[in-house]
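Working notes for the structure below.
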Amino acid sequence: MGKDHIGAALTASKILSSLADVAKDSEEIDLSNDLHKHSVEFEQLAVGVVSDCYRRDKAMTHKLLVREIMTWGQTTLLAIADSAGQMDFMEHSACQTKLNVVWKGRMALYTSTWKIILTMVIPWFLLSVKFKTKRHPAAISDNTVGPAGDVEAERLSDGNEHFSPSKSRKQQQIEKPLYKVSISRGSHGNGRKLKKSTIDLGLAVWYFYMAPVTKFSYNLLSYTVYLALMSYFLLTDLRPVSEPDSPSVLEFIAWGWTGTLLLEEMRQVFARREKAFWFKVLSWFDDSWNKFDLLIYTCFGVSVACRLLLVG
């Protein structure tokens, strides 16, 4: 437990904060204030260590924030801070810059929002987006392109891997070059090798559509279309089941779309880090937005059941 001081400090802060809430519910005000004070102290200790690391080595601090900590259940420092709502830690420059890097994926950090939106609408604008990669794309073999081969080597396990020595660490701090998109097929297609300043079109497409910002934008767009469909169906096409051609095609589409959203919520439950199913459910239900989603799907299921059963 003492190998990772930042993780231990954040976990101690989280435990003390939970105990402070319990004491407050029991009307132990003095005890609650004292526990909350110590919780803040542990969080500030973690912030101090991260600040010192960030001043010394920005790149390694970013890796420190996302490496898996075996002691605390294969979680990360960012995950611990997020689950505890430790905003003083999350607003640190190291955390914010790392989150920005994760948010944009392999795209250049200065890629503007309007350029991303234009690329989503008109894919040809992908040629104006620059990407970063650890090695030149021409040197990447076919079996390394994909979700498994393209994962950054940032998830360091404290039991298996360690940070690099300071001598090689300086070599790792060299800024990653940015690559333009090439529409040629590269060395695997017509025999011509890619230029050192370009990246293969297929790899660029993969990087763009796998970026969290792109996934979020498409998810937001799909929800907007879903709400528009539901509104149009409820206002103009909702008829009794006894009438011919009812339920309508739009209603079946709405049912199917809602079913896919429910399957996504189930996927989120099984994707939780907890091993036991019950703890996965509790972890999912701990989010207020998930409770709201559960209420929506329950009301939708009840309304469909009543519509089909209560005829006449």
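The values are calculated or read from the model by the stated rules, or taken from the named source; none is laboratory data. Please read all numbers here as calculations on a predicted model, not as lab measurements. Here Cβ is always computed from backbone atoms with ideal geometry, including for glycine, and neighbour counts include all displayed protein chains. Note: accessible area is taken over every heavy atom of the protein model, side chains too, but ligands, DNA and RNA are not part of it. Shrake-Rupley method; radii C 1.70, N 1.55, O 1.52, S 1.80 Å.
Values computed for the structure shown
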read-out: When residues of the range 59-78 are limited to those that are in a helix (DSSP H, G or I) and farther than 15 Å from Val47 by Cα, the one farthest from the chain's Cα centre (by Cα); value: Thr71
read-out: Any hit, the range 2-14, residues being touching a Gly at 6+ places or on another chain (Cβ under 8 Å) and either open to solvent by 30 Å² or more (accessible area, probe 1.4 Å) or under 25 Å from Ser93 (Cβ atoms) (or both); value: yes
read-out: Some residue of the range 212-222 being within 30 Å of Leu261 (Cα to Cα), small (Gly, Ala, Ser) and modelled with pLDDT of 50 or more; value: yes
read-out: Selection status of Lys24, out of contact with any Ser or Thr (no Cβ under 9 Å at 6 or more places or on another chain), over 16 Å from Ala8 (Cβ atoms) and not polar (S, T, N, Q); value: no
read-out: Leu35 without any contact (Cβ under 8 Å) to a residue 24 or more places away in the chain, hydrophobic (A, V, I, L, M, F, W, C), crowded, with 19+ Cβ neighbours inside 10 Å and closer than 29 Å to Glu274 by Cβ; value: yes
read-out: Top-ranked residue of the range 1-58 - restricted to ones that are farther than 21 Å from Gly73 by Cα and not in a helix (DSSP H, G or I), ranked as modelled with the highest pLDDT; value: Asp57
read-out: Check on Ser93, closer than 15 Å to Leu65 by Cα, hydroxyl-bearing (Ser, Thr, Tyr), more than 18 Å from the chain's Cα centre (by Cα) and modelled with pLDDT of 85 or more; value: yes
read-out: Selected residue (criterion: most open to solvent (accessible area, probe 1.4 Å)) from residues of the range 51-105 that are closer than 24 Å to Asp21 by Cα and charged (D, E, K, R); value: Glu91
read-out: Contacts under 8 angstrom Cβ, first residue in the range 10-23 being farther than 14 Å from Thr71 by Cβ and touching a residue at least 60 places away in the same chain (Cβ under 8 Å), partner acidic (Asp, Glu) and surrounded by 17 or more Cβ atoms within 10 Å (Cβ to Cβ), 6 or more apart; value: Ser13/Glu43
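Yes or no, residue by residue, for (1) closer than 30 Å to Ala79 by Cα; (2) of a type in the set (A, V, I, L, M, F, W, C):
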position: Ile199; (1), (2): no, yes
position: Trp206; (1), (2): yes, yes
position: Phe216; (1), (2): yes, yes
position: Asn219; (1), (2): yes, no
position: Met230; (1), (2): no, yes
position: Thr236; (1), (2): no, no
position: Leu250; (1), (2): no, yes
position: Thr260; (1), (2): yes, no
position: Glu265; (1), (2): yes, no
